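Visitor: Before I ask anything, here is the structure I am working with.
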Number of protein chains: 2
Amino acid sequence: MKTIGKLAKELSINVETVRFYERKGLIVQPLKPDSGYRIYDNTHVNQLKFILKAKALGFTLDEVASLMSLSGSCADVESMGLQKLRLIREKISDLQRLEQVIQDMTNSCKANQDPNSCPIINSLS
Amino acid sequence: MKTIGKLAKELSINVETVRFYERKGLIVQPLKPDSGYRIYDNTHVNQLKFILKAKALGFTLDEVASLMSLSGSCADVESMGLQKLRLIREKISDLQRLEQVIQDMTNSCKANQDPNSCPIINSLS
DNA sequence: TTAAACTCCGTATATAGGTACAGAGTCAAC
DNA sequence: GTTGACTCTGTACCTATATACGGAGTTTAA
């Protein structure tokens, strides 16, 4: 049982972020006694840890919400994982192509003898 | 000599985008006769093509602005390219680590026999 | 008992890169 | 000479993920 400040500190996140996640429906509504202060327990801590880990894996908050609602169904969770995997691989190969292009460009810069022109700028123009 | 609509169509971009780039100082101010209509020539077309190509390579608009202002100095341009290259490589290896983690997770899902629990969810909780 | 620290709510701000819209003016074709 | 397409400016809105702030109420510690 802790207030929002303690909770946020424990998880090294911002108080505002906790309220933001609550507004987004990512965590269960905390108890609110007469004072109006939110009171959290371990359920909330665990939910927030889940969110933070999933986020670190590159899931968006909307995807995190889906993951949490799918908890039971392993097949559905796996399918989200596979979809994410496809996106990641696509991103990787996009970046590798890009790497090659910029690599070539900077190489031609290195080889350039003319101080008054730049092969990169020329190739963009 | 063309109005903004023709220009935008030629480059397959939005009219608003052209004005947006103008506000950001990315393109030279076009002529504006009495009518107030912007009039563009090939200089503008080339500048916009430059912007679009650089953007496609992953440069931000602020970086594009720098690139354009550096036009003369090949060494400076090369150095921006190399910096971008470092970022790209870092991103690639981040994504490759992520790929491995999610790959492992989905594999353990595939191997899972218990329909009432999911290894991915469990590893996040 | 009072001051500091904490929390509340609602709203504004931030980033990046645009997109959309209202209301007015202009141009071109028939 | 009128209609429809085009353009103008200025401002608001969009996504995603928060962060910051004002003004009021609450709790805690000395």
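Visitor: Working only within region B:41-63, note down all residues that are without any contact (Cβ under 8 Å) to a residue 24 or more places away in the chain, acidic (Asp, Glu) and open to solvent by less than 70 Å² (accessible area, probe 1.4 Å).
Guide: Of everything in region B:41-63, just one residue is without any contact (Cβ under 8 Å) to a residue 24 or more places away in the chain, acidic (Asp, Glu) and open to solvent by less than 70 Å² (accessible area, probe 1.4 Å), namely B:63.
Visitor: Taking residue A:66 and the conditions (1) part of a helix (DSSP H, G or I); (2) open to solvent by less than 70 Å² (accessible area, probe 1.4 Å); (3) more than 14 Å from chain B (Cβ to nearest Cβ), which numbered condition does it fall short on, given that it satisfies the others?
Guide: Answer for residue A:66: the failing condition is (3).
Visitor: Moving on. Being more than 9 Å from DNA strand D (Cβ to nearest atom) and surrounded by 12 or more Cβ atoms within 10 Å (Cβ to Cβ) is the filter here; which residues of region A:27-40 pass it?
Guide: If the condition is that a residue be more than 9 Å from DNA strand D (Cβ to nearest atom) and surrounded by 12 or more Cβ atoms within 10 Å (Cβ to Cβ), then A:27, A:28, A:30, A:31, A:38, A:39, A:40 are the ones that fit.
Residue by residue, here is whether (1) in the same structural domain as residue B:2 (by TED's automatic domain parsing); (2) closer than 17 Å to residue A:105 by Cβ holds:
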{"residue": "B:23", "(1), (2)": "yes, no"}
{"residue": "B:29", "(1), (2)": "yes, no"}
{"residue": "B:80", "(1), (2)": "no, yes"}
{"residue": "B:119", "(1), (2)": "no, no"}
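Visitor: Follow-up question, since we're still on this one. Within region B:1-27, count every residue that is more than 14 Å from chain A (Cβ to nearest Cβ), more than 9 Å from DNA strand C (Cβ to nearest atom) and in a loop (DSSP other than H, G, I, E, B).
Guide: 3
Visitor: While we're on this one: Which number in (1) within 10 Å of DNA strand C (Cβ to nearest atom); (2) in contact with a strand residue (DSSP E or B) (Cβ under 8 Å, 6 or more places away or on another chain) marks the one condition that residue B:35 misses?
Guide: Result: residue B:35 passes all but (2).
The values are calculated or read from the model by the stated rules, or taken from the named source; none is laboratory data. Just so it is clear, the structure is predicted and the values come from calculations on it, not from any experiment. When we count neighbours, we look across all protein chains shown, and the Cβ atoms used for this are built from the backbone with ideal geometry, even at glycine. Ligands, DNA and RNA are excluded from the accessible area calculation, which covers all protein heavy atoms including side chains. Shrake-Rupley method; radii C 1.70, N 1.55, O 1.52, S 1.80 Å.
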